[in-house]
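Before any comments, here is the structure.
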Protein chains: 2
Amino acid sequence: MTTPQRVDADLGWALGRVTRAHLRTAQEVVSGLPGGPRGYQVLAAANDGEVSTQLAIARMLGVDRTVMTYLLDELEGAGLVERRPDPADRRARRIVLTAAGRERLCDLDRRLREAEERLLAPLEPTERDTLRELLRRLATGAGQDGASACQVAEEIAATDGC
Amino acid sequence: MTTPQRVDADLGWALGRVTRAHLRTAQEVVSGLPGGPRGYQVLAAANDGEVSTQLAIARMLGVDRTVMTYLLDELEGAGLVERRPDPADRRARRIVLTAAGRERLCDLDRRLREAEERLLAPLEPTERDTLRELLRRLATGAGQDGASACQVAEEIAATDGC
DNA sequence: TATTGTTATACTCTATAACTATA
DNA sequence: TATAGTTATAGAGTATAACAATA
């Protein structure tokens, strides 16, 4: 009962390949959006009110808080989001989508889903759902940033903006 | 039947988080190995003779061929691999593991598997196998580099060096 | 003419530290 | 003293182009 010692048996190898393939696909879909695929994730994170401050979004996305500044500068410059003072903490800023931002998010969301289905084409429909679910659970439970940024994922929200 | 528009419903978000978490874990495990986790993948790719030239390994790993030069310079300097002329094509070099390289690969492989199991801890054992299998199939089928680098993955080899 | 491997350069992304304003 | 956000700098990683050797 020894290990295969093959690259294609390595989880890191498979994760890297799939992630890069997804990234390439997503970059084409969101071309023109400030920040690329990460810019989309900022919009999506800010869209549900539970994760709205810059730091919370940064933790949710797994990036340093310093990158949020540039990212939000661009997204705000494009008129997609606004930085509003947090009434509960004057140090923090709450990121809210503008009407244009919500519209853009809807459009991107639809096209990204289509692109993802093409990426997952080698799998059966039920397998695609399984993979999505397993990765989602792993991403919400395996985050090194603590559970604070992940609590929002425990339930599939009924909020629906489209 | 509209889309949720939540970050945690985005495949790219989950892939990014899980991949980063895996990368951090792997970097600790392979600390000291030239090239880090990618150096391990080179060793694993070169270990099965089917993928042995620098270009084939680069495609298998999804990196540019120029990075293979630095990566192999370090691994060869550490005495883990050798560059041998390809008898069939004098332009190409076949990468073969030294005895030390095979030994190192065995050790890394075992420890990486342990680390991966810790990463997959939030999932049930059967779910972990499912995730590994789905990602493996996707990585071998979804590669943009064509099928040439992926043919090796169709069967679980009986070769076992440990 | 196309391909393998190498080298040099430039660019992007990220990490780190320092600073402010608030808590 | 600790935290949210900003800014500047340095480093790692990556992509591009040019080159030599071979097909």
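Taken together, the values in this text are just the output of simple stated rules run on the coordinates, not laboratory data. Nothing here was measured: the structure is a model prediction, and the numbers come from that model. Cβ atoms come from the backbone with ideal geometry, glycine included; neighbour counts cover every protein chain shown.
Just rank B:ARG104, B:ARG110, B:ARG94, B:ARG118, fewest to most, by other beta-carbon atoms within 10 angstrom. Before the final figure, lay out the partial values.
Details: B:ARG104 22, B:ARG110 15, B:ARG94 18, B:ARG118 10.
In increasing order of surrounding Cβ atoms, one gets B:ARG118, B:ARG110, B:ARG94, B:ARG104.
Compute the Kirkwood hydrodynamic radius of region A:3-147, taking the inverse of the mean of 1/r over all pairs of distinct Cα atoms, and give it in Å to one decimal. Walk me through the numbers on the way to the answer.
Values: mean 1/r = 0.0595 Å⁻¹.
Hydrodynamic radius (Kirkwood, Cα pairs) of region A:3-147 is 16.8 Å.
Quick one: which residues, 5+ away or cross-chain, put their amide H under 5 Å from the amide H of B:VAL81? H built at 1.01 Å from N.
Here the answer is B:GLU76, B:THR98, since their amide H atoms fall under 5 Å of that of B:VAL81.
Could you work out how far the C-alpha centroid of region B:15-49 sits from that of region A:1-56, in angstrom?
That distance is 18 Å.
Can you check how the C-alpha radius of gyration of region A:6-60 compares to 2.2 N^0.38 Å, as a plain ratio? The partial results should precede the final answer.
Numbers: Rg = 14.5 Å, N = 55, 2.2 N^0.38 = 10.1 Å.
Relative to the 2.2 N^0.38 Å estimate, region A:6-60 comes out at 1.44.
Quick one: order B:THR126, A:THR140, B:THR98 by neighbouring beta-carbon count within 10 Å, fewest to most.
The fewest-first ordering by Cβ neighbours comes to B:THR126, B:THR98, A:THR140.
What's the Kirkwood radius of region A:31-117 in Å, using all Cα pairs? Walk me through the intermediate numbers first.
Values: mean 1/r = 0.0771 Å⁻¹.
By the Kirkwood definition, the hydrodynamic radius is 13.0 Å.
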